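Just below is one structure, and these are the notes that go with it.
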Amino acid sequence: MRYQLTECDFKRELETRKPKSWLKSVSAFANGIGGKLIFGIDDEHNIVGLNNAQEAAEAISRIIKAKITPIPQFVLSEDKKEEKAILILTVDAGRATPYYYKSDGVMEAYIRLGSESVIAPDYVLNELILKGKNQSFDALISDVRKEDYSFTLFEATYYERTLLKIEPKDYHSFGLADKQGYLTNAGRLFADQHIVYNSRVFCTRWNGLEKGSIFDDALDDKEFEGNIIYLLKNTADFIRNNSKVRFYKDAQYRVDKPDYAERAVTEAVDNALIHRDYIVPGCEVHVDMYDDRLEITSPGGMFDGKAVQERDIADIGSMRRNPVIADLFHRMKYMERRGSGLKKIMSETSKLPGYTEALKPEFYSDGTSFKIILKSANYSDKVSDKVSDKLNSKEYAFYLAIMELLGEQSFVTTRIIADNTAIPESTTRRYLAKLCELELIKADGKNRGKKYYKV
């Protein structure tokens with residue numbers, strides 16, 4: 001049997017005297033995307049079986065109903081493996097979140113973090129409470145009055161992009177304020193003033209391929225805070241100002257080749273600002289630019305809890321953590337049709353001149369963050385410019401061959417290179433030594449066991 005560890009726990013036996021050992025997983029599965037508890041299999045996945053599966057099933061059902069509130073939807077089924085009885089407890093993702101484990105007057109809500117069930121941090125618990133009430137953070141009414149703040153940027157931008165003027169009544173119909181004039185959290189995010197502390201973006205252009213000291217290794221850095229439209233425009237400008245557009249000539253035309261597709265960048269920044277979790281204290285969106293890639297990281301994972309890297313991007317539907325903000329960005333035509341943002345990033349990137357699968361955007365998420373990685377379409381050209389004057393034509397051809405091999409595997413050896421090229425081993429060693437001297441690759445080990453890696 002193979003299961004995703006995030007969605008599955010194994011128990012050697014049913015613990016009835018100290019049921020918290022498995023009930024916390026029941027709470028976590030119900031608070032997340034569901035999961036399975038399998039009784040009769042140990043942590044090493046050895047099948048040990050249960051002495052009395054029917055009795056265990058009755059006890060599981062009784063304990064869940066007594067110790068988990070509200071009671072989640074679950075199914076118990078018996079199976080036999082290697083002539084041994086096991087019980088499979090399947091817990092559905094719940095709608096009435098949070099689901100608490102209760103004992104001795106204490107109530108605790110759990111979530112899954114990797115393969116463990118851990119107590120939900122306060123900000124996650126708050127989001128679970130909102131989900132259970134079918135509410136969103138951006139729709140909550142605050143104690144801030146609209147009349148105390150200005151909305152010049154929002155109103156000017158709305159007119160610029162729709163040719164429609166914002167009327168006073170629109171603030172209520174758009175979900176930015178109630179009828180008494182108190183702003184929702186979405187309304188606070190569209191105010192000119194910085195009144196939502198977490199509404200910030202930190203942008204850095206690093207020198208090289210990794211992070212370093214902000215004082216020594218950053219070529220450019222900016223911090224933006226306040227109005228969400230201001231964040232969008234300034235973040236996009238920062239990325240544009242720290243990107244390059246190369247060009248080449250075909251038979252008749254000059255072809256521009258930007259580092260990144262502009263529309264893909266806009267969609268990525270949109271995604272980070274619109275779908276981020278604003279409840280997480282002391283957090284912000286981070287934009288990190290390197291020689292070879294752009295990374296945009298925002299607080300909060302996928303709204304349904306499942307890791308984006310485990311899903312087919314083409315099949316991800318519209319699940320919006322902040323529907324009021326999303327609707328307004330859609331009205332202002334910053335977003336494509338709802339639910340298509342990640343697909344738009346993929347399709348726009350694929351239109352770049354010289355696109356290959358190596359430039360395909362990457363998406364990662366866990367329980368607390370979401371990351372989009374865009375690859376620079378010009379990185380290999382930039383490297384070529386740096387090394388072409390230091391290598392002769394044969395050395396440069398060798399360098400390109402090594403980079404192609406290192407794009408397919410983590411390291412190469414002289415034997416691997418010999419198997420993939422017709423270059424003599426003595427020449428290969430000489431070329432490799434020069435590439436190491438120029439710090440174009442790095443080496444580890446000695447003699448014939450030496451391995452060569454990307455820098």
Quick one: which residue in 109, 191 is of a type in the set (A, V, I, L, M), farther than 27 Å from residue 329 by Cα and modelled with pLDDT of 95 or more? 109
Looking only at segment 184-208, count every residue that is farther than 17 Å from residue 283 by Cα, of a type outside the set (Gly, Ala, Ser) and open to solvent by less than 40 Å² (accessible area, probe 1.4 Å) and tell me the total. 4
Looking at residue 423 and the list (1) assigned to a loop (DSSP other than H, G, I, E, B); (2) out of contact with any helix residue (DSSP H, G or I) (no Cβ under 9 Å at 6 or more places or on another chain), which single condition is not satisfied? (2)
Looking only at helices (runs of 4 or more DSSP H) that fall completely inside segment 82-184, which ones have 2 or more residues that are over 26 Å from residue 72 (Cβ atoms)? 152-162, 170-173
Of 146, 211, which residue is over 17 Å from residue 332 (Cβ atoms), crowded, with 16+ Cβ neighbours inside 10 Å and in contact (Cβ under 8 Å) with a residue 24 or more places away in the chain? 146
Counting only residues that are farther than 30 Å from residue 366 by Cα and either in contact with a Phe, Trp or Tyr (Cβ under 7 Å, 6 or more places away or on another chain) or acidic (Asp, Glu) (or both), how many does segment 17-74 have? 4
When restricted to 354, 300, the only residue more than 16 Å from the chain's Cα centre (by Cα) and on the phi > 0 side of the Ramachandran plot is 354
For segment 351-365, how many residues meet the condition of being open to solvent by 50 Å² or more (accessible area, probe 1.4 Å), touching a strand residue (DSSP E or B) at 6+ places or on another chain (Cβ under 8 Å) and in contact (Cβ under 8 Å) with a residue 60 or more places away in the chain? 1
Test: residue 447 is open to solvent by 70 Å² or more (accessible area, probe 1.4 Å), more than 19 Å from residue 209 (Cα to Cα), free of Cβ contacts under 8 Å to residues at least 12 places away in the same chain and of a type in the set (S, T, N, Q): yes
Test set (1) within 20 Å of residue 390 (Cα to Cα); (2) at pLDDT below 85; (3) out of contact with any Phe, Trp or Tyr (no Cβ under 8 Å at 6 or more places or on another chain); (4) open to solvent by less than 80 Å² (accessible area, probe 1.4 Å) - residue 427 fails condition number: (2)
Quick one: is residue 178 closer than 24 Å to residue 328 by Cβ, among the charged types (D, E, K, R) and surrounded by fewer than 17 Cβ atoms within 10 Å (Cβ to Cβ)? yes
Condition set of a type in the set (A, V, I, L, M, F, W, C) and closer than 23 Å to residue 296 by Cβ, scope segment 366-412, selection modelled with the lowest pLDDT: answer is 377
Considering only residues of segment 303-325 that are among the aliphatic types (A, V, I, L, M) and under 22 Å from residue 261 (Cβ atoms), which is nearest to the chain's Cα centre (by Cα)? 308
Flagged pairs (Cβ under 6 angstrom, 6 or more apart or on separate chains; first in segment 323-349, within 10 Å of residue 271 (Cα to Cα); second of a type in the set (D, E, K, R) and modelled with pLDDT under 90) are 326/320
For residue 276, work out the one condition from (1) in contact with a Ser or Thr (Cβ under 9 Å, 6 or more places away or on another chain); (2) within 30 Å of residue 173 (Cα to Cα); (3) surrounded by fewer than 21 Cβ atoms within 10 Å (Cβ to Cβ) it doesn't fulfil. (3)
Can you go through 111, 63 and tell me which one is surrounded by fewer than 18 Cβ atoms within 10 Å (Cβ to Cβ) and of a type in the set (Val, Ile, Thr)? 63
Pairs, first farther than 15 Å from residue 130 by Cβ in segment 272-283, second of a type in the set (Phe, Trp, Tyr) and open to solvent by 10 Å² or more (accessible area, probe 1.4 Å), C-beta under 7 Å, six or more apart: 281/123
Those residues of segment 430-444 which are at pLDDT below 85, in contact with a helix residue (DSSP H, G or I) (Cβ under 8 Å, 6 or more places away or on another chain) and open to solvent by 40 Å² or more (accessible area, probe 1.4 Å) amount to 438
Pull up segment 315-334, narrow it to residues that are touching a Lys or Arg at 6+ places or on another chain (Cβ under 6 Å) and more than 23 Å from residue 240 (Cα to Cα), then point me to the one that is most open to solvent (accessible area, probe 1.4 Å). 318
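The values are calculated or read from the model by the stated rules, or taken from the named source; none is laboratory data. Only a predicted model underlies this, so the values are computations on that prediction, with no experimental measurement involved. Quick reminder, even Gly has a Cβ in these numbers, built from the backbone with ideal geometry, and neighbours come from all protein chains shown. Just so you know, the surface numbers come from the protein's heavy atoms only, side chains and all, with ligands and any DNA or RNA stripped out. Shrake-Rupley method; radii C 1.70, N 1.55, O 1.52, S 1.80 Å.
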